[in-house]
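The values are calculated or read from the model by the stated rules, or taken from the named source; none is laboratory data. Bear in mind the structure is a predicted one, so any value in this text is a computation, not a measurement. So basically every Cβ, Gly included, is an ideal-geometry build from the backbone, and we count neighbours across all protein chains shown. Note: accessible area is taken over every heavy atom of the protein model, side chains too, but ligands, DNA and RNA are not part of it. Shrake-Rupley method; radii C 1.70, N 1.55, O 1.52, S 1.80 Å.
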Amino acid sequence: MTTIAEQLPTRFEFGPIQQRLYQMWQDQGLFHSEPDSNRKPYTIVIPPPNVTGALHLGHALNTTLQDVLIRWRRMQGYNAMWLPGTDHAGIATQAVVEKRIRDEEKKTRHDLGREQLVRRIWEWKDQYEARILSQLKQLGCSCDWDRTRFTLDETCAKAVRHTFFDLFNKQLIYRGKRLVNWDTFLQTAVSDDEVINEKVAGLFWHLKYPVIDPLPDEPTHVVVATTRPETMLGDTAVAVHPDPAGALDKVEAELRERLAYAASSERVALETALQELLERRAAMLPQLLKLAQMATEGRTLCLPILDRVIPLIVDQWPKPELGSGCVKITPAHDPNDYEVGLRHGLPQINVMNPDGTLNAVAGPFTGLTLKKARQQIVDRLESEGLIDRIDEREIELPISDRSKTPIEPYLADQWFVRMDSLAQSAMDAVGNGDVQIVPQRYAYGYMDWLAEKRDWPVSRQLWWGHQIPVWSKKCAAELELQEANQQAWSIIESAADSAAIQIESKCGQEGTVHVCLRDETDTLSASLEKLGFVRDPDVLDTWFSSALWTHSTLGWPEKTADLAYYYPTSTLVTSRDIITLWVARMVLMGLNNLGQVPFRQVFVHPKILDGYGETMSKSKGNGVDPLDVIEKFGADALRFGMVHLTTETQDVRMPVQFECPHCQISIEQTHKNRVLPRVDCPTCKKTFGTQWAREEEDLALPRGLCLSERFEVARNFVNKLWNASRFSLMNLEGYKFASIDGSELCLEDRWILSRLNTVTQQVTSELEQFRFSEAARAMYDFAWDEFCSFYLEILKSRMNDQQRQTAQTMLAFTLDRLLRLLHPVLPFITEEIWQYLNIAAPQRGLFEADGPEPFLIRAAWPKSDSRLFAPQIESQFAHFQQVLAALREIRARQNIATKTPMSFAIRCSQEIATYLAPLSPYFKKMANAEATQIGPQAPIPRINSTMAVSQLEVFVDLDGLLDVAVEDARLQKEKANIETQIKLKQQKLSNASFVDRAPPDVVQREREALQQLTDQLVSVTKALTNLSP
RNA sequence: GGGCGGUUAGCUCAGUUGGUUAGAGCAUCUCGUUUACACCGAGAGGGUCGGGGGUUCGAGUCCCUCACCGCCCACCA
């Protein structure tokens, strides 16, 4: 009769199983959670992936960890709820869609218009959101899909409007002119965080500005240096340090101090720097002093080309030790100059149009792009002899992370969130432990960033996002302003709770009335518009809506049952690069809106790097595709791999390989081949396409999977588990549950139960501390080395009539508990086996039967049971393991074929013999070696190979089998080894200070170890003498 | 420039409060198709724990210092 188990394949065929089980879980509603006051909630909100693209390996890591936590807590009895969703990712998404439309239809967003573009992006979003959600499902994520949210959906939009209104009302939102990072391509301001600095080779121009009416002893020109000469059109001053001598003294003093403590390697550089400084001082100080003098006298310069008169001013900003010691001040186009300008009340002259061309201020250069203007301005200055010199140097060019075009600092009107009180609240939350960041070191970055309390620019000149709910009217005069204010008041009077007014005015001359509306009310907005109020076209920074994610998704601002039950959420799992951008802002918004932190714990997981230690990114083309891993190794293997990699040291290196679809050979991904759309296989010489294929002919090629061999371990583990389960199922035939009273349990049963108990405790504790890697390791080692390699092997000998029932009960019970432990990490294979186990052994347990549980996903997480914990049994079993290892080693050394039976004797105490004797059948089974005698008087075979292990000695009878030379060599080596160790121990123990100062138990341990070694030496020496004829 | 991390076997990584002879997986070598599994089993080789100093009876582990790698944050007109 063939059982079901015997028909199972020898490999875990995950593909169809994954689909079937996921469907089953969903159909049974096992992911869904409802508030239930009888149970504690455990809540995670997903960091919403951008709808821009597909999930990458970082997402796979992030979501796997969340699913592990959710499944584990669900099994623990918590009402676990994992809320899924996606992020509209304003700039990123709009940029991608705009680019696509431009490439494919040669149209700009202005050709399409706002409504049309937004419609197109929604279409895009629907498509990509579906793809992302399906990828999460393939990973096995047990999200509550009924609660799926999108940061731009109506529920979230409402939360955004309420929050914005609230902050506006509290005067925490204000309108301001600020120097922003302007992306001329996307024509929007981007935040500092979306700017990356790139080092490029550039030029450093030294320009000469003529002094107006110089006295005879005064310089005729002032030299200023710049990497962006075109900004000179916006210069409104040149600054020098007020006390160049003092400033230089200070720098000199600092250098000398550093030199005094410098290491030799630094000395040369410091000495050179000091030398240069002194030379410079000698050469330039008189001139700088002169200029500072002139500046205090209110002297002026002539700005070349435009012939504008600009003042020479003194300010702390210019550093006399750098460049010419003078700085041109362009308040509208440089962050530092902006600050200088504010201090001195300088005009802010904006020379640029939003599209990056020069505006009317630029005179002859109006309409040119910055790049063209630069060349022409330089030429013009050159021809006028106003270029002192041009240096080559490496400059840092700010680049927009979204459009990859250079950023221009640009003065623009923006909405800001005032951060001081909000930031402070978020700092307090971490400071007082309401929010715990794990690993703790990431709290430093969080604190430092918040401590700056820099106001948050929240408006973006985009169309894709939450449009700012503010209607404004610009007024040219005081009277008009007052009138507009009154009109607005009369309109919003009826809605005083949900509308607010701010007046922004300059010196009572001109100004703007802003009306913020909390709700989508057509009547109010229509009335406002009738009066000439215009809705702000800008949208909010994506992070504004993301910051509300923990509560907007639960229905806030409504007082929903969900909100009351699930908020604050339990754990946030995220990557370190958004701790400030996202985590900090969620904390302060949660506190502002609900007065409670959004989550209790933040777990920051590692980053995945490629084999060269570089971050994986689309543009580098060095990523592993999680779907490829799932296809090749299975979702469980991907998940186990991820969990196994999540160590506390952070950052995981993952060498990447292509798999040739023709010959299945792995090809290492290198800097050269990783962005190629097609690769030639060096083995079979055929060509395949990669995940970066875009052209039709490349896409038509068979695609090479993008993998990492680091998942093979996990795949092998899954397969091992599959086969162990198959074996178990085969041996459960005729199983009937019978409770165990304990007396019938053998040593090996007590051993595996104790180990199971220990590992259960360990895994639980590791997960509590987010030590994922440790949890995975504990499960792996237990399942493979103890359950499979020892316990199952032993049970093979016990499936006889007398022992069968206990053995089966034990087998079903152990496998049951193992599956539970592994389920959070390996949901598919464990659930699959569970289903079979429910057929083969529906009732399982040890002292009493467990309640039936049709689905492993909601089975109870094992609790450790102190009755099962038996350390002495574990050490007794260790003797068995050591003897077995000795037998195998002797066999291997002596090169005796496995099928040749051996016999052996063990010399040991009576006590050891008592518990070792019943295990002797297993020596036969597992090492093909028969124990002839065990005990203190065991006769030693005449010709033997021996091995001393802790507290006992194994003698294998090798009559007719012994290779004397091999044995001699082995014993010599062993002897030498023991002698070295004895020497070390003796040294240690004869060291008076060790014996006196080390703790007694350590000394005692050393003494015992020495005794054992001495015993071993005796037996090895004896064996050696016996060996020689 | 400031901060944080890393440097342990050929490769990828563990190593908890300092305490026997520093571990695992992969790779390598030897042997093996014993009815769960060759995505397997048995065994072996392989490390002066980045360098240098210090504290200690004792340091991969703590302190100092140097070197290299990575990330984050500020920035040079």
Query raised in the report: Within the range A:470-482, can one find any residue that is part of a helix (DSSP H, G or I), modelled with pLDDT of 85 or more and surrounded by 15 or more Cβ atoms within 10 Å (Cβ to Cβ)?
Result: no
Requested in this report: Select from the range A:491-537 the residues that are part of a helix (DSSP H, G or I) and either more than 30 Å from A:GLU558 (Cβ to Cβ) or not hydroxyl-bearing (Ser, Thr, Tyr) (or both) and list them in ascending order.
Outcome: A:ILE491, A:ILE492, A:GLU493, A:ALA495, A:ASP522, A:LEU524, A:ALA526, A:LEU528, A:GLU529, A:LYS530
Query raised in the report: If you take the residues in the range A:818-837 that are among the aromatic types (Phe, Trp, Tyr) and open to solvent by less than 40 Å² (accessible area, probe 1.4 Å), which one is nearest to A:GLU6 (Cα to Cα)?
Result: A:TRP834
Query raised in the report: Just wondering, is there one or more residues in the range A:985-1000 that are modelled with pLDDT under 85, under 16 Å from A:GLU889 (Cβ atoms) and surrounded by fewer than 18 Cβ atoms within 10 Å (Cβ to Cβ)?
Result: no
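Go over the candidates A:LEU958, A:LEU1024 one by one and state the one that is over 26 Å from A:GLU911 (Cα atoms), in contact (Cβ under 8 Å) with a residue 40 or more places away in the chain, surrounded by 18 or more Cβ atoms within 10 Å (Cβ to Cβ) and over 55 Å from the mean Cα position of the chain (by Cα). Step through it out loud before you land on a result.
Details: A:LEU1024 fails: surrounded by 18 or more Cβ atoms within 10 Å (Cβ to Cβ).
One residue alone meets the criteria, A:LEU958.
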Requested in this report: Having 2 or more residues that are surrounded by 15 or more Cβ atoms within 10 Å (Cβ to Cβ) and either within 11 Å of RNA strand B (Cβ to nearest atom) or not aliphatic (A, V, I, L, M) (or both) is the bar; report the strands (runs of 3 or more DSSP E) wholly within the range A:589-694 that clear it.
Outcome: A:599-605, A:608-610, A:652-654, A:657-659, A:687-689
Report summary line: Within the range A:861-889, the residues that are of a type in the set (Gly, Ala, Ser) and out of contact with any helix residue (DSSP H, G or I) (no Cβ under 6 Å at 6 or more places or on another chain) are A:SER866, A:SER875, A:ALA878, A:ALA885, A:ALA886
Report task. Considering only the range A:838-864, state which residues are open to solvent by 30 Å² or more (accessible area, probe 1.4 Å) and assigned to a loop (DSSP other than H, G, I, E, B). Result -> A:PRO842, A:GLN843, A:PHE847, A:GLU848, A:ASP850, A:GLY851, A:PRO852, A:GLU853, A:PRO854, A:ALA860, A:LYS863, A:SER864
**Report entry** Where A:GLY935 falls short, out of the listed (1) at pLDDT below 90; (2) more than 22 Å from A:TYR791 (Cβ to Cβ)
**Finding:** (1)
Query raised in the report: Quick one: is A:LEU306 assigned to a helix (DSSP H, G or I), touching a residue at least 12 places away in the same chain (Cβ under 8 Å) and of a type in the set (A, V, I, L, M)?
Result: no
Query raised in the report: Which one of these does A:LEU233 not meet: (1) at pLDDT below 75; (2) under 30 Å from A:LYS371 (Cβ atoms); (3) of a type in the set (A, V, I, L, M, F, W, C)?
Result: (1)
Report task. Could you look through the range A:720-760, keep only residues that are surrounded by 17 or more Cβ atoms within 10 Å (Cβ to Cβ) and acidic (Asp, Glu), and pick out the one that is nearest to RNA strand B (Cβ to nearest atom)? Result -> A:GLU748
Query raised in the report: Scanning for something crowded, with 19+ Cβ neighbours inside 10 Å, within 16 Å of RNA strand B (Cβ to nearest atom) and within 46 Å of the chain's Cα centre (by Cα), does the range A:519-541 turn up at least one residue?
Result: yes
Query raised in the report: Picking from A:GLN348, A:GLN375, which residue would you name as being free of Cβ contacts under 8 Å to residues at least 24 places away in the same chain and more than 41 Å from the chain's Cα centre (by Cα)?
Result: A:GLN375
Query raised in the report: From the set of residues in the range A:446-466 that are farther than 20 Å from A:LEU591 by Cα and among the small types (Gly, Ala, Ser), which is least open to solvent (accessible area, probe 1.4 Å)?
Result: A:SER459
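Only residues that are under 18 Å from A:PHE737 (Cβ atoms) and either at pLDDT 95 or above or open to solvent by 10 Å² or more (accessible area, probe 1.4 Å) (or both): list them for the range A:791-800, please. Steps first, please.
Of the residues in the range A:791-800, the ones under 18 Å from A:PHE737 (Cβ atoms) are A:795, A:798-799.
Residue satisfying the conditions is A:MET799 alone.
With A:GLN876, A:GLN872 as the choices, which residue is buried (at least 18 other Cβ atoms within 10 Å of the Cβ) and within 16 Å of RNA strand B (Cβ to nearest atom)? Please lay out each step first, then the result.
On the way: A:GLN872 fails: buried (at least 18 other Cβ atoms within 10 Å of the Cβ).
Only one candidate passes the filter, namely A:GLN876.
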Report summary line: For the range A:707-749, the count of residues that are among the β-branched types (Val, Ile, Thr) and farther than 23 Å from A:MET642 by Cα equals 1
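Could you grab me the full set of residues in the range A:307-339 that are hydrophobic (A, V, I, L, M, F, W, C) and either open to solvent by less than 70 Å² (accessible area, probe 1.4 Å) or more than 10 Å from RNA strand B (Cβ to nearest atom) (or both)?
Residues of the range A:307-339 that are hydrophobic (A, V, I, L, M, F, W, C), as a first pass: A:309-310, A:312-314, A:317, A:322, A:326-327, A:329, A:332.
Matches in the range A:307-339: A:VAL309, A:ILE310, A:LEU312, A:ILE313, A:VAL314, A:CYS326, A:VAL327, A:ILE329, A:ALA332.
Just need a number here: residues in the range A:264-296 that are within 44 Å of the chain's Cα centre (by Cα) and modelled with pLDDT of 75 or more.
Step one: list which residues in the range A:264-296 are within 44 Å of the chain's Cα centre (by Cα), which gives A:264-274.
So of that shortlist, the ones also modelled with pLDDT of 75 or more come out as A:274.
Residues meeting the conditions: 1.
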Query raised in the report: Say we look at the range A:882-897 and pick out the residues that are farther than 16 Å from A:ARG970 by Cα and more than 9 Å from RNA strand B (Cβ to nearest atom); which of these is least open to solvent (accessible area, probe 1.4 Å)?
Result: A:VAL883
